[in-house]
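The values are calculated or read from the model by the stated rules, or taken from the named source; none is laboratory data. Being a predicted model, the structure only gives us computed values, none of them experimental. Glycine gets a Cβ as well: all are built from the backbone with ideal geometry, and neighbour counts include every protein chain shown.
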């Protein structure tokens, strides 16, 4: 993004990032340039996730069945929803599982699929939050979905030591 903003705002924009005039110039960035930059950054992110997963698998720190959960099958062209923060019950990370049929339809929509990434940790003393995190992880691995909810569509980041 910095290269894109430098191109349209000039190299000094970062020092003046609080100036509203700078952000009014955002409309001058062509949609195509903005989208290309977004897509390029998303590919870089997914590549970094894949590399981290590959390294963990190579070091034998995760089981092969969890390699897929590490993001190896993330698709950069699919809408990606992310929940990357400290897990606490009041943040309601598990709310998306309240309507499982709707979630299944969204994840498997042929024309508008989504993928979800959960990443973060619960505080070591927060047992209820640890249970929420475990419920999300278990939901992603639940065999009752019979392939309708592949583990890679709801990726629970395995750095969480679960």
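Key figures for this structure:
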item: Yes/no for residue 134 being touching a strand residue (DSSP E or B) at 6+ places or on another chain (Cβ under 8 Å) and either modelled with pLDDT of 75 or more or closer than 16 Å to residue 82 by Cα (or both); result: no
item: Selection within the range 1-25 - outside any helix (DSSP H, G or I) and touching a helix residue (DSSP H, G or I) at 6+ places or on another chain (Cβ under 7 Å); result: 1
item: Filter pass, residue 40 being at pLDDT 90 or above, closer than 28 Å to residue 75 by Cβ and exposed (fewer than 12 other Cβ atoms within 10 Å of the Cβ); result: no
item: Failed item in (1) assigned to a helix (DSSP H, G or I); (2) within 29 Å of residue 47 (Cβ to Cβ); (3) more than 15 Å from the chain's Cα centre (by Cα); (4) at pLDDT below 85, with residue 103 passing the rest; result: (4)
item: Scan of the range 78-93 for residues that are over 30 Å from residue 40 (Cα atoms), outside any loop (DSSP other than H, G, I, E, B) and in contact with a helix residue (DSSP H, G or I) (Cβ under 7 Å, 6 or more places away or on another chain), ordered by number; result: 89
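The rows are residues; the columns are (1) assigned to a helix (DSSP H, G or I); (2) modelled with pLDDT under 80.
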| residue | (1), (2) |
| --- | --- |
| 27 | yes, no |
| 33 | yes, no |
| 56 | yes, yes |
| 72 | no, yes |
